[in-house]
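This report refers to the structure that appears directly beneath it.
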Amino acid sequence: MPGAETLVEKILALAPEQVSQVEDFVDFLSAKARRKAALRDLLAMAPSLKGAGVRPMSEREVQAEVDAVRSAARPNVADCS
């Protein structure tokens, strides 16, 4: 497995557009790892929530939460002018 120095050397040899692609891929891998950790945490707390009598969310409620988070994370087009 290459060390950090070897990876940096390889990245420095790339064209700027390719460096941008590498950065996007690293961001993707990081987000994927965060999603897995969040799911693991959620699944770990599920029995406690059920034991406390918390009502499970419907698919519609879950989708509404996802949509709200996504819209908050997305920059408003009107703010970009």
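The values are calculated or read from the model by the stated rules, or taken from the named source; none is laboratory data. Predicted, not measured: the structure shown is a model, and the values here were computed from it. Cβ atoms come from the backbone with ideal geometry, glycine included; neighbour counts cover every protein chain shown.
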Contact list please: Cβ distance under 7 Å, first residue in the stretch 56-81 and farther than 20 Å from A46 by Cβ and modelled with pLDDT under 80, second residue assigned to a helix (DSSP H, G or I) and among the basic types (K, R), pairs at least six apart or on different chains.
none
Within the stretch 1-23, the residues that are loosely packed, with under 10 Cβ neighbours inside 10 Å and assigned to a helix (DSSP H, G or I) are A4, E5, L12, P16, E17
Do we find that A37 is surrounded by 10 or more Cβ atoms within 10 Å (Cβ to Cβ), modelled with pLDDT of 95 or more and of a type in the set (G, A, S) in this structure?
yes
If we ask which residues in the stretch 47-65 are within 21 Å of the chain's Cα centre (by Cα) and surrounded by 10 or more Cβ atoms within 10 Å (Cβ to Cβ), their number turns out to be 5
